[in-house]
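Take a look at the structure set out below.
The values are calculated or read from the model by the stated rules, or taken from the named source; none is laboratory data. Note that the coordinates shown come from a computational prediction; the quantities given were computed from them, not determined experimentally. We place every Cβ from the backbone using ideal geometry, glycine too, and count neighbours over all the protein chains shown. Ligands, DNA and RNA are excluded from the accessible area calculation, which covers all protein heavy atoms including side chains. Shrake-Rupley method; radii C 1.70, N 1.55, O 1.52, S 1.80 Å.
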Amino acid sequence: MKYVKKKTLDRRSFLRGAGGVAVGLPFLNLMGCSNSSAPRTGSKKQRVEGEGPPKRLLIVFSPNGTIRDNWLPSGGETDFEFSEILTPLASFREKLLIIDGLDMKSTMVGPGDAHQKGMGHMLTGRALQEGDLFTGGGGELAGWGGGISIDQRIAQHIGAGTKFRSLEFGAQVSSNANIWSRMSYSGPGQPLPPSNNPYDNFNRIFSDLDADPFALAEIKAKRGTVLDHVNGEFERLQSKVGAEDREHLERHASSIRDLETRLQNGLGELGAQCESPDLGTPIDYQQQTNYPEVVRMQMDLAVMALTCDLTRVASIQLSNAVGGHVHSWLGHSRGHHDFSHDGDSNSATRQSITDINTWYAQQFAYLLGKMDSISEDGSTLLDNTVVVWINELGKGNNHSRNNVPIVMAGSAGGYFRTGRLMKFGNKPHNDLMVSLQNAFGITDDVFGEPIFCTGPLAGLT
Amino acid sequence: MHIALTFSLLLGLNYACGADADIGEEETPTIEEGLADANVAEAVFRRLTRMEYNNTIRDLLGDTSDPSSIFPIDEETLSFDNNARGQNVSPLLAESYLTVSETLAANADLSAYLGCSSDSQQTCANDFVRDVGKRAYRRPLTESEVQSLLDVIAWGEESHDFETGLRLGLQAMLQSPHFLYRIEEGQGAPSESGVIMLTAYEIASRLSYLFWNSMPDQALFDAAEQGLLDTREGILAQAERMIADPRAKEMMAHFYRQWLHLDEVDRLQKDTSIFPGFNSNIARLLRKETETLIDFVIWEQDHDIREIFHTSRTFRNGALRDFYLEAGPEGDEFLPMGLDPNQRAGILSHGSILATQAKVNQGSPIHRGLFVREQLFCHIMPPPPDEFSIVIPDLDPNLSTRERFSKHREDPACAGCHQIMDPIGFGFENFDGVGRYRDTENGLPIDASGELTVTDVDGPFVGALGLAEKLLVSEDVQNCVVAQAFRFGYGRGEGEDDQQTLEDLRIEFAAIGGGLRGLFLAMTQTDAFLYRRKSN
């Protein structure tokens, strides 16, 4: 097991994996140094004086739709009353924007079955690729998502200076990598895999923190030389191969260039409250009964990655489309997707689905609480972020993608005017993504398939 | 016997036109001669999957540390993990390639090249690049490729030492597109329709990855160099050598595990208050039952693969006897035994598949029907209706499964598809959600009558044996096996330009008696294997 509980490492020890894979160097603060006294490495990012903390984006996903009657708050824009499902978020009232009435209209076009389209359109807002890749559980032939996802679009815009352009976390996402289990795309047909293993994530994200600067510089130089050479090989190869191969290889090559750029970035300026997260005694992160703990660990990692400014764009994917978790800790013995296909008049099932979504709201509340406890220049990490909790469906049993339940939290540094319930009468969900990109300085008023865009959502700012 | 049959039939294939044709009277064209008429769909270069990466590293460096386990999982398309078009190298994967190559290079045994005295280091570096590089890229390096790697080694030597230089050179090789992808530049001029021949080294890689999911061995490299892969016969001879190797058995298991979704068995979760005695250990044993039987049919018997759906033979041990609550052997060892033909027949009545194609707390005629449709008949089911006026019927625990799902048949919005799936699944009603046999459900006697439609073996049947008898003789099923093997073996879905290959394989498969061994051998003699279409 690579992850070792902090405080037991010594300076020269390496974190070793199952095959003796040495990953990165230990934390200085384990040896008694505090973060503020440890030497900082890497170049300082450009930050204009007086600009304040950076804005971040965090996307949270949960599957299978909801029970709208138990999700939608009653009352008006500012005097709304929390519903059963959203009650766990009550203490964050002033920082929320509860969004009702958005439909995934883009799913009217293109191939795929309901869950495929739900998952593939959710953050891309455009048709899936045609193709012979997926037949699926009752599905048409479809390819992957057909365009860049909103998190990656924003990461392109703001992520060039951080160690990681973006981070994709997963909690027990299916071990089948397909259209149902991928929501982030760096481009058409280019899914980004969420990382299910919290210990691998810990090692990958935090291992350079307070590392020995000399050793780090050595590694950078070596990697630079090797990657330069590999780049050259790709370039020479590109000129000799056909169009489709060239495109395929180009995606790989651009991932390598991404790596090279990040090597140059180093760590930048780390936030004052940055410290390595404590994941506790290692657990089996794939055991279904450990799902609640895995969810929280990934949330902790994401929050600290944002706090340390190692990235400004992250997503936490809890399960996947058609997610079948048995929430035994809620007293359930049937899986989530199974419940989601019972009839509307089955009141016991409606309660079960409500309980599941209430539980997810509690996890969301945990996340917001962590973020709100990180102070940054007089505000909090939550204030400087916009967190978006979204679903692949509106309603599970008929696969409707209307009224997709969406909760936003945080104002992205004052951009959004929070504390309100917003009811949009069946507007396309592309408009939400336009609003999000505008918040980060991308002025386009379309995102995804243009014909489904009607401009940023009115009244959010 | 089978092998000789394969050989001569394949060679005569393109020219046997009917009862009057004399097979073998005309010469089968050489690979070069066949180029003009060859047809094959466009394909993209195949990147090593996690399994292929591990195997290749094992054979290249002798490293068995399972390095690809930290890679993101392979994209799964059309059931398989090796569809080239579905593959994507995300920044996370690129980073994983980097960190893993550093570890592998650090641990590699380079003693053969490190023992050089300082004045012969240049020679050692040269040898290192040419020898290791040729095996890593699966072909001799060009002079400029050699020089480029020597430059990396020189940088490492100057900034640190000779050993560092060599290890950096190895890192560079392991991240090269020529290592990670099976790059095929082909040879010679393309045909009028844009098809080209492959080099001997490229054929060698196609053979080794098809049969062993790994890089060519020394014998294959030698065969390539000696021109033994320039003919169909030579290629077949190597294929026959390779399919006799234990690594081919591993490859075949990887194929059928994905085809039949057996890779899902170990992860199954069941409601143990309804299914006492089911646990992850039993799940593993159930999978072993099925895999032992399938291996027996493929390797020991070399029979028509459809027999796995019909045979009354299975392999169980004492723990499974206790689980199934049926007569069976004692002890831990898996031993052959006979299934009760009144109850079970073939792998569709094994706990492995019955439990996977089911829900947490009950069986599922829909899952089982869909499984037969998609995996055995290669039928693509249309999606459930997209509008939101559907009301899903509630479950009445006092009704039988068949009655509960009657709404599927009554509502026209549902019936279109469910009429194609459910009636197949109802044939399995004698089995609960973990594969145990039952005569009643909720006190009501089981009705295990089912029906097949839209196939070449349509009609009603009763129970597992009834369905098995149809599957055994279905040409649709046999042709579907060809399609599944095509997708797995060639790493892509069938394209329009693959019709000749598919036709050849279907005919050959039937002619040799429907055994998978012969099918995989036949896969080395097709247009899809011997040629490539030059993409624009």
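Within 10 Å of each Cβ in B:94-100, how many Cβ atoms from other chains are there, averaged over the peptide?
6
Quick one: ranking B:D127, B:D119, A:D309 by accessible area, 1.4 Å probe, largest first, what do you get?
Sorted descending by solvent-accessible area, the residues read B:D119, B:D127, A:D309.
Of the listed peptides B:412-423, A:70-81, what is their order by residue-averaged count of other C-beta atoms within 10 Å, with the highest listed first?
Order by mean packing, descending: B:412-423, A:70-81.
Once ligands and nucleic acids are excluded and a 1.4 Å probe is used, how much of A:C308 is accessible, expressed in Å² to the nearest 10?
0
Which value in nm describes the separation of the simple spin-label points at B:D222 and B:S111, placed 7 Å from the Cα toward the beta carbon?
That separation, rounded to one decimal, is 2.5 nm.
Using a Förster distance of 35 angstrom, determine the FRET efficiency expected from the C-beta separation of B:N281 and A:E130, and round it to 0.05.
0.20
At 7 Å along the Cα-to-beta-carbon direction for both B:T30 and B:D340, put a label point, then send me their distance in nm to one decimal.
The two pseudo-label positions are separated by 6.4 nm.
For a 32 Å ceiling on Cα separation, which of these pairs sit above it: A:K163/B:K359; A:K95/A:K395; A:K117/A:K220; A:K220/B:K134; A:K220/B:K534; A:K55/A:K105?
From A:K163/B:K359; A:K95/A:K395; A:K117/A:K220; A:K220/B:K134; A:K220/B:K534; A:K55/A:K105, over 32 Å: A:K163/B:K359; A:K117/A:K220; A:K220/B:K534.
Whose amide H sits under 5 Å from the amide H of B:G450, counting only residues 5 or more places off or on another chain, with H placed in the peptide plane?
Excluding prolines and chain starts, which carry no amide H, the hits are B:F461, B:V462, B:G463.
Measuring from centroid to centroid over Cα atoms, what is the spacing of segment B:398-465 and segment A:211-256 in Å?
Cα centres, segment B:398-465 to segment A:211-256: 55 Å.
Ordered by packing density, taken as the mean number of other Cβ atoms within 10 Å over each peptide's residues, highest first, how do B:222-228, B:145-151 rank?
B:145-151, B:222-228
Taking amide H positions as placed in the peptide plane 1.01 Å from N, state which residues far from B:S214 in sequence (5 or more) or on other chains have amide H under 5 Å from it.
Amide H neighbours of B:S214, under 5 Å, 5+ apart: B:Y209.
Treating the angle as unsigned and between 0 and 90°, give the value, to the nearest 10°, between the Cα long axis of helix A:291-307 and the longest Cα principal axis of chain A.
60
Need the full-extension length gain, A:E77 to A:Q288, defined as separation in residues times 0.36 nm minus the C-alpha distance. One decimal, nm.
So the chain would gain 72.1 nm between A:E77 and A:Q288.
Quick one: compute the contact order of chain A, relative version, from alpha carbon pairs under 8 angstrom and 6+ residues apart, as a percent.
28
Taking amide H positions as placed 1.01 Å from N in the peptide plane, with prolines and chain starts having none, which residues 5 or more places from B:T77, or on another chain, fall under 5 Å of its amide H?
B:N82, B:N83
Quick one: if the Förster radius is 56 Å, what FRET efficiency do A:E94 and B:A510 give, using the C-beta to C-beta distance and rounding to 0.05?
0.20
Show that you can apply the helix-only estimate: for the protein assembly as shown, add -39,500 (n - 2.57) for every DSSP H stretch of four or more residues, divide by all residues, and state [θ] at 222 nm to the nearest 500.
Rounded to the nearest 500, the figure is -12000 deg cm²/dmol.
Compute the helix-to-body angle for B:412-425: its Cα long axis versus the longest principal axis of chain B, expressed 0 to 90° and rounded to tens.
80
In square angstrom, rounded to the nearest 10, how much accessible surface does A:E51 have for a 1.4 Å probe?
Number for this one is 120 Å².
Please give, to one decimal in nm, the separation of the simple spin-label points placed at A:A215 and B:A189, each 7 Å out from Cα toward the Cβ.
In this crude spin-label approximation the distance works out to 6.1 nm.
Of A:D377, B:D504, B:D59, B:D456, which has the most accessible area and how do the rest follow, probe 1.4 Å?
Final ranking, largest accessible area leading: A:D377, B:D456, B:D59, B:D504.
Working with all protein chains in place, sort B:R506, A:R420 by solvent-accessible area computed with a 1.4 Å probe, largest first.
B:R506, A:R420
Take every residue in peptide B:80-89, count the Cβ atoms of other chains within 10 Å of its Cβ, and give the average of those counts.
6
I need the shape label for chain B. Rule: rounded when a/c is under 1.5, else prolate if a/b > b/c, else oblate, with a, b, c from the alpha carbon gyration tensor.
It comes out prolate by the Cα gyration axes.
Peptide A:246-253: average number of partner chain Cβ atoms within 10 Å per residue?
5
Give me a comma-separated list of calculated 3J(HN,Hα) values for segment A:78-87, in order, Karplus coefficients 6.51, -1.76, 1.60 applied at θ = phi - 60°, integers in Hz, x for any Gly or Pro.
10, 9, 5, 10, 4, 7, 4, 5, 8, 3
Residue by residue through segment B:241-256, which ³J(HN,Hα) values in whole Hz follow from phi under the Karplus form 6.51 cos²θ - 1.76 cosθ + 1.60 (θ = phi - 60°), with glycine and proline marked x?
In residue order, the calculated couplings are 4, 6, 6, 8, 7, x, 5, 5, 5, 4, 4, 5, 5, 4, 5, 6 Hz.
Against the longest alpha carbon principal axis of chain B, how many degrees, from 0 to 90 and to the nearest 10, is the axis of helix B:91-107 turned?
60
Using only the Cα atoms of segment A:394-461, build the gyration tensor, take square roots of its eigenvalues as a ≥ b ≥ c, and label the shape rounded, prolate or oblate: rounded if a/c is under 1.5, else prolate if a/b is larger than b/c, else oblate.
Judged from the Cα gyration tensor, segment A:394-461 comes out oblate (a/c at least 1.5, b/c at or above a/b).
Hey, for a label at A:D444 modelled as a point 7 Å past Cα toward Cβ, could you say which residues of segment A:393-432 have their backbone N under 15 Å away?
From segment A:393-432, the list is A:430-432.
Answer rounded, prolate or oblate for the protein assembly as shown, using the Cα gyration tensor with square roots of eigenvalues a ≥ b ≥ c: rounded when a/c is under 1.5, else prolate when a/b is larger than b/c, else oblate.
Cα axes put the protein assembly as shown in the oblate bin.
Just need the relative contact order of segment B:104-179 here, percent rounded to a whole number, with Cα pairs under 8 Å and 6+ apart.
Relative contact order, segment B:104-179: 32 percent.
Name the residue farthest towards the positive end of the dipole of chain A from the options A:N70, A:L436, A:S207, assuming +1 on Cβ of Lys and Arg, -1 on Cβ of Asp and Glu, about the Cα centre.
Farthest towards the positive end: A:S207.
With a Förster radius of 51 Å, plug the Cβ-Cβ distance of B:S406 and A:A272 into 1/(1 + (r/R0)^6) and report the FRET value to the nearest 0.05.
0.20
Report the full-extension gain for the segment B:V462 to B:E496: residue separation times 0.36 nm, less the Cα-Cα distance, to one decimal in nm.
8.5 nm
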